[in-house]
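Written out below as structure tokens is the structure these notes cover.
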Amino acid sequence: MAKDKKQPRPKAITPKGFRDYFGAEVAQRQQMLTQIAGVYHRYGFDALETSAVETVEALGKFLPDVDRPNEGVFAWEEDKDWLALRYDLTAPLARVYAQFRNDLPTPYRRYAMGPVWRNEKPGPGRFRQFYQCDADTVGSGSVAADAEICAMLSDTLEAVGIPRGDYVIRVNNRKVLNGVLENVFGRFEPEDAVDAEMAEVFDRAMSENILRTADKFDKVGVNGVRELLTTGRLDASGAFIEGLGLNSDQADVVIAFLTAKDGDNSQTLENLRASVGNSKIGAEGVDELEAIETLLSAQGYGSDRITIDPSVVRGLGYYTGPVYEAELTFEVTDEKGRPRNFGSVAGGGRYDDLVKRFTGQAVPATGVSIGVDRLLAALHAKGRLDTGSVGPVVVTVMDRDRMADYQGMVAELRNAGIRAEVYLGNPKNFGNQLKYADKRNSPVAVIAGGDEFDAGVVQIKDLVLGAQIAQSASAEEWKDRPQQFEVSRDALVAKVREILAGQG
């Protein structure tokens, strides 16, 4: 009789593009989320928690083909419907507002925090699961809502530990760019457009190409953008990138827009008015930027914190009005030791067409999304985040027959609000118990054997002081500070509290 084939053991590996988070990392993220939620709540926003799974139809951006959904989401078929893990927190908000709009206040301010999933190629620091923290106002077309989001974003960055001078929130407006594009296409007659419909299609495609090119402004500069808009350019690798074929005058219109930023917001606005010319939609966008600047100035937010900046182009194909991006301005070193600016940690803007997919009626909305993991990485890079975590007080076990007494001690500590645990390994080797406490980063160890129980006392060891003495070249400075104390059993909680307070 043939033997059953032995099943191979599963590999203990994390799936590609995902990672595990341990104690200190989880605690740091939770603390940051609590700080962010505190600011959002102070601004009057309510929490919303949506399902991690949405229908692909509701997500909207990705639709199934014959066999499987398009790339970008993790999706599966169930009862002839396609479901997917959410790829952001905005699409679920649009669905929620459309579904419950008769029960929700207008405008509806909400914030949401949680993981999102994207089925994209992972890379260094780029994972398929990551945390987002969003705040949105749905149902208000007033630019006061956009100004409020910018102010709240500024307060949030400072609340989590990014001081003024280390960040700037840059604000632009899609309508201004539309005005610039109107000026470009006003003198641009495509040869391939044989009728108005084809011309419209051509213009739309060209607009998207101009947007993508303008987004490279920070990387390639004025000359690089000009080359990409016109005849093309050689990139750093020597490869030739074909240009869009605009003439010099058309390229000048786009360049004038991208370089309109001045040291003063009022001068930037004046430059933008010149760049949009006679465009009605462009002038409307500049008016909105001016109104936002006025509202923010009235609240004390100057251009050192929130500034009008036409070079914010990323995402303009999605947004319908004001857009904003939070950038950290301090330098960090990359994996090769080269200095670079940390870059963007949050972005958002006005998206007045998203809810319309469900209701058929335009519903104004504006909001921002913070990349929590990038923000944590920024704080780590600047050394503003404590990478260590304080473990629990460890009650050691000298006599396994008295486990009930040890459990009584740990219960007293926990009831007093002190994090504590009983050692549950093999108590035979006491040295291993102290090694365990060290690995747990425990601040205090409680020690009691037969002699202590008979005398009604416990030994309490200050593990933090012990580690400091061990690291010191000379114990002279520590000679007046004992590491271990014997106290009566009923003084256990008070003495542990005293030691913890002394450790800070």
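The values are calculated or read from the model by the stated rules, or taken from the named source; none is laboratory data. Predicted, not measured: the structure shown is a model, and the values here were computed from it. Using ideal geometry, Cβ is built from the backbone for each residue, glycine included, and neighbour counts are taken over all protein chains shown. Protein only, heavy atoms only, side chains kept; ligands, DNA and RNA dropped before computing areas. Shrake-Rupley method; radii C 1.70, N 1.55, O 1.52, S 1.80 Å.
On the accessible surface of the chain, probed at 1.4 Å, how many percent belong to carbon and sulfur atoms? Here it works out to 48 percent.
At full extension, residue 467 and residue 76 could sit 135.5 nm farther apart than now, given 0.36 nm per residue minus the alpha carbon distance.
Please compute the contact order of the chain in relative form: average sequence separation of alpha-carbon pairs under 8 Å and at least six residues apart, divided by the residue count, as a percent.
Working: 799 pairs, mean separation 67.9, N = 504.
That works out to 13 percent.
Every helix of 4 or more DSSP H residues in the chain counts as -39500 (n - 2.57), and over all residues that averages to -12500 deg cm²/dmol at 222 nm.
For the chain, take the longest principal axis of its alpha carbons; what is the angle in degrees between that and the long axis of helix 280-298, to the nearest 10 within 0 to 90? Helix 280-298 sits at roughly 40 degrees to that axis. In the chain the longest region clear of GluC sites (Glu not before Pro) that are loop-assigned by DSSP and have at most 13 other C-beta atoms within 10 Å covers 336-504. Counting 0.36 nm for each residue step from residue 497 to residue 264 and taking away their Cα separation leaves a gain of 78.5 nm. Go ahead and collect, in residue order, the members of the stretch 144-188 whose backbone nitrogen is under 16 Å from a label point 7 Å along the Cα-Cβ direction of residue 42. Answer for this model: 148-164. Matching the structure-derived Rg and Dmax of the Cα atoms in Å against the labelled list [x] 22.4, 72; [y] 22.8, 67; [z] 29.9, 101 gives the label [z].
Among the trypsin sites (Lys or Arg not before Pro) found in the stretch 318-423, those both in a DSSP coil and sparsely packed, with 15 or fewer other Cβ atoms within 10 Å of their Cβ, are 336, 384, 419. Seen against the Cα atoms of the chain and their longest principal axis, helix 174-186 is set at about 30 degrees. Using the Cβ-Cβ distance between residue 344 and residue 451 with R0 = 56 Å, the FRET efficiency computed as 1/(1 + (r/R0)^6) comes to roughly 0.35.
With all protein chains kept in place, the per residue accessible area of the stretch 363-504 amounts to 54 square angstrom at a probe of 1.4 angstrom. Multiplying the residue separation of residue 481 and residue 361 by 0.36 nm and subtracting their alpha-carbon distance yields 35.9 nm.
Label sites at residue 405 and residue 126, each approximated as a point 7 angstrom past Cα along Cα to Cβ, lie 6.1 nm apart.
For the chain, the longest principal axis of the alpha carbon atoms and the long axis of helix 248-258 meet at an angle near 30°.
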